[in-house]
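Notes for the one structure printed next.
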Amino acid sequence: MKTIVVGGGASGMISAIFQARNGNEVTLIEKNEKLGKKLYITGKGRCNLTNHCSPEEVLFNVVSNPKFLMGAVNTFSPSDVMSFFEEIGLTLKTERGNRVFPVSDKSSDVIKVLERELNRLNVNVNFNETAKSLIVDGNRIIGIITDKNEYFADKVIVATGGLSYPSTGSTGDGYTFAKTVGHAVTSLYPSLCGINLKGSDFKELQGLTLKNVKVSLYDGNKPYYEEQGEMLFTHYGVSGPLILTGSALTARHKQNGVKLLIDFKPALSQKQLDQRILRDFQSANNKELKNVLIELLPKTAIPLIIKRANVSEYKKVSIITSEERARLVYALKNCEFEVESLRGYNEAVITSGGISVKEINPKTMESKLISGLYFVGEVLDVDAFTGGFNLQIAFSTGYLAGIQ
Ligand SMILES: Cc1cc2nc3c(=O)[nH]c(=O)nc-3n(C[C@H](O)[C@H](O)[C@H](O)COP(=O)(O)OP(=O)(O)OC[C@H]3O[C@@H](n4cnc5c(N)ncnc54)[C@H](O)[C@@H]3O)c2cc1C
């Protein structure tokens, strides 16, 4: 049997390896001059290739369509991914939050072992070749057309990725292929990215990293996201781990009228914070407000909080009223910003949205419309939080199509 795999990223390489292990004649078409350009930049060049947790925990971290992925993640689980990589010669380690990396801390080693396995299995890898369209006969795939050639095959596995970091080769080609053969593609959004804020006062905080703060995102009165951890201010707004996770929930659901709230002191209730400030004021006696808040806040955040509380920064703390103190407490626990938009695909770790999973068989990743045609990885309408879950999805879906 002949198989064409389009895209030499995480999911495509896994599909090609398992198709070849099943004795098929496999050709992998990659538009770049090398394999795994995006894999190379994952995990800040260290490649967080999975998360050492149960399939249930993986699914808990999937934002879009976890049910659809249940079969794939159970069939090729994080433990299976780890065994597979160890078996082809990559030694792994598990870090904080169960994040799995190569011991060498080099994503290039992940690509190297995959490439070696593809070579060992005699997979034909065609570089610098771009798939342009699918060839379909009735409701069966029979091949593809590239910018160089026409190929006929029994199976075609589309593993072209999403739209994020287009410089790595992921330019959304798979969405077009899917649409031209009748598949629905859901709306696409950048996800796991920074958030642009409206206004300009946040710019005073540019470069400030905040640890142990609580971030909430509101669309109306109820927060749809609340989490404690680390974030940072940038020239455009906010970023960092808390914000990336929040962006994934903002991507497809909300964007207009969203508010971001920062609680600088989540460990203290309003009353406890008021008492703490009062104590600071009493022991500082005659100092000016801006010099006393240094005990409580990073220096760069002080002017903004004082402004929001509408108190003079030069006021002596001994004469600050309880009302003014209450305004300070409020500003510290409810520092609000208006969200303008999400950052674009050039900075987004993943694409939210993709080929509708309703028309894909979750047990095989085969199209329900065109037999012999498979879609795997980020091109599908699936995405997850950070922590190795997105590569796990690429490997699990790639594997399912690979063993067919
Ligand atoms: C900066 C960054 C860091 C990340 N870090 C992590 C991490 O540490 N852990 C994690 O789990 N996830 C991480 N991700 C997400 C992860 O990289 C993706 O989810 C994953 O690579 C998706 O795999 P894929 O095979 O679907 O697509 P891709 O890896 O994008 O591969 C698609 C391939 O298809 C090729 N292609 C596209 N169109 C064509 C065509 N027409 N013809 C031929 N070839 C084509 C592309 O050139 C590309 O090589 C990160 C992403 C980014 C951008």
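The values are calculated or read from the model by the stated rules, or taken from the named source; none is laboratory data. Quantities reported herein were computed from a predicted structural model and do not represent experimental measurements. Cβ sites come from the backbone with ideal geometry, for glycine too, and all protein chains shown count toward neighbours. Accessible surface areas use protein heavy atoms only, side chains included; no ligands, DNA or RNA. Shrake-Rupley method; radii C 1.70, N 1.55, O 1.52, S 1.80 Å.
Every residue, every condition in (1) hydrophobic (A, V, I, L, M, F, W, C); (2) open to solvent by less than 40 Å² (accessible area, probe 1.4 Å); (3) more than 16 Å from the ligand (Cβ to nearest atom); (4) at positive phi, yes or no:
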{"residue": "TYR165", "(1), (2), (3), (4)": "no, no, no, yes"}
{"residue": "LYS179", "(1), (2), (3), (4)": "no, no, no, no"}
{"residue": "LYS211", "(1), (2), (3), (4)": "no, no, yes, no"}
{"residue": "ASN221", "(1), (2), (3), (4)": "no, no, yes, no"}
{"residue": "LEU244", "(1), (2), (3), (4)": "yes, yes, no, no"}
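Can you tell me which residue among LEU163, LEU210, LEU134 is in a strand (DSSP E or B) and either in contact with a Ser or Thr (Cβ under 9 Å, 6 or more places away or on another chain) or of a type in the set (Asp, Glu) (or both)? Walk me through how you get there before you give the answer.
Values: LEU163 fails: in a strand (DSSP E or B); LEU210 fails: either in contact with a Ser or Thr (Cβ under 9 Å, 6 or more places away or on another chain) or of a type in the set (Asp, Glu) (or both).
Only one candidate passes the filter, namely LEU134.
Looking at (1) part of a helix (DSSP H, G or I); (2) free of Cβ contacts under 8 Å to residues at least 60 places away in the same chain; (3) not aliphatic (A, V, I, L, M), which is the only condition GLY89 fails?
Condition (1) is where GLY89 drops out.
Of everything in the range 181-209, what is among the β-branched types (Val, Ile, Thr) and surrounded by fewer than 20 Cβ atoms within 10 Å (Cβ to Cβ)? Give them in sequence order. Even if it seems obvious, please write down each step before you answer.
Step one: of the range 181-209, the residues among the β-branched types (Val, Ile, Thr) are 181, 185-186, 195, 209.
Answer for the range 181-209, where residues must be among the β-branched types (Val, Ile, Thr) and surrounded by fewer than 20 Cβ atoms within 10 Å (Cβ to Cβ): VAL181, VAL185, THR186, THR209.
Check whether at least one residue in the range 381-403 is within 16 Å of the ligand (Cβ to nearest atom), in a strand (DSSP E or B) and either under 21 Å from SER216 (Cα atoms) or open to solvent by less than 10 Å² (accessible area, probe 1.4 Å) (or both), and report yes or no. If you could, list the steps in order and put the result at the bottom.
Of all residues in the range 381-403, those within 16 Å of the ligand (Cβ to nearest atom) come to 381-402.
Retained after the next criterion (residues that are in a strand (DSSP E or B)): 383-384.
Then drop every residue that is not either under 21 Å from SER216 (Cα atoms) or open to solvent by less than 10 Å² (accessible area, probe 1.4 Å) (or both), which leaves 383-384.
Within the range 381-403 (the criterion being within 16 Å of the ligand (Cβ to nearest atom), in a strand (DSSP E or B) and either under 21 Å from SER216 (Cα atoms) or open to solvent by less than 10 Å² (accessible area, probe 1.4 Å) (or both)), the answer is yes, since at least one residue qualifies.
Tell me, which residue of the range 319-374 that is under 30 Å from ASP137 (Cβ atoms) and part of a strand (DSSP E or B) is farthest from the chain's Cα centre (by Cα)?
Narrowing the range 319-374 to residues under 30 Å from ASP137 (Cβ atoms): 353-374.
So of that shortlist, the ones also part of a strand (DSSP E or B) come out as 355, 360, 366-367, 371, 373-374.
Working: ILE355: 17, ILE360: 22, GLU366: 25, SER367: 25, SER371: 31, LEU373: 26, TYR374: 23 Å.
Filtering first and then ranking leaves SER371.
Kindly indicate the residue of the range 128-148 that is away from the ligand (no atom under 12 Å from the Cβ) and open to solvent by 80 Å² or more (accessible area, probe 1.4 Å) and also farthest from ILE355 (Cα to Cα) among those meeting that condition. Give the steps one after another, and end with the answer.
Let us first name the residues in the range 128-148 that are away from the ligand (no atom under 12 Å from the Cβ), namely 135-143.
Now drop any that are not open to solvent by 80 Å² or more (accessible area, probe 1.4 Å), which leaves 137, 139-140.
Working: ASP137: 21, ASN139: 18, ARG140: 18 Å.
Applying the filter and picking the extreme gives ASP137.
Being open to solvent by less than 50 Å² (accessible area, probe 1.4 Å), under 30 Å from LYS38 (Cα atoms) and within 16 Å of the ligand (Cβ to nearest atom) narrows it down to one residue among VAL349, VAL339, VAL376; which is it?
Working: VAL349 fails: open to solvent by less than 50 Å² (accessible area, probe 1.4 Å); VAL339 fails: within 16 Å of the ligand (Cβ to nearest atom).
Unique residue meeting the criteria: VAL376.
Residues that are more than 8 Å from the ligand (Cβ to nearest atom), among the hydroxyl-bearing types (Ser, Thr, Tyr) and more than 19 Å from the chain's Cα centre (by Cα): does the range 24-41 have at least one?
Initially, the range 24-41 is screened for residues more than 8 Å from the ligand (Cβ to nearest atom), giving 24-28, 33-34, 40.
Keeping just the survivors that are among the hydroxyl-bearing types (Ser, Thr, Tyr) gives 27, 40.
So of that shortlist, the ones also more than 19 Å from the chain's Cα centre (by Cα) come out as 27.
Yes, the conditions are met somewhere in the range 24-41.
Output the residues belonging to the range 47-77 that are part of a helix (DSSP H, G or I) and either open to solvent by 40 Å² or more (accessible area, probe 1.4 Å) or within 11 Å of the ligand (Cβ to nearest atom) (or both). Before you say what the answer is, go through the steps one by one.
Our first condition is that a residue be part of a helix (DSSP H, G or I); within the range 47-77, this holds for 55-60, 66-75.
Residues satisfying the conditions are GLU56, GLU57, VAL58, PHE60, PRO66, LYS67, MET70, ASN74, THR75.
When both residues are 6+ apart or on different chains and their Cβ atoms are under 9 Å apart, which pairs have a first residue that lies in the range 111-140 and is more than 16 Å from VAL5 (Cβ to Cβ), and a second that is open to solvent by 80 Å² or more (accessible area, probe 1.4 Å) and away from the ligand (no atom under 14 Å from the Cβ)?
none
Restricting to the range 9-34, count the residues that are assigned to a loop (DSSP other than H, G, I, E, B) and of a type outside the set (Lys, Arg).
Going residue by residue through the range 9-34, those that are assigned to a loop (DSSP other than H, G, I, E, B) are 9, 22-24, 30-34.
Filter again for of a type outside the set (Lys, Arg), leaving 9, 22-24, 30, 32-33.
Qualifying residue count for the region: 7.
Does LYS44 satisfy the criteria of being open to solvent by less than 60 Å² (accessible area, probe 1.4 Å), out of contact with any Leu (no Cβ under 9 Å at 6 or more places or on another chain), at pLDDT 95 or above and within 15 Å of the ligand (Cβ to nearest atom)? Write out each step before concluding.
Details: open to solvent by less than 60 Å² (accessible area, probe 1.4 Å): no; out of contact with any Leu (no Cβ under 9 Å at 6 or more places or on another chain): yes; at pLDDT 95 or above: yes; within 15 Å of the ligand (Cβ to nearest atom): yes.
Answer is no for this residue.
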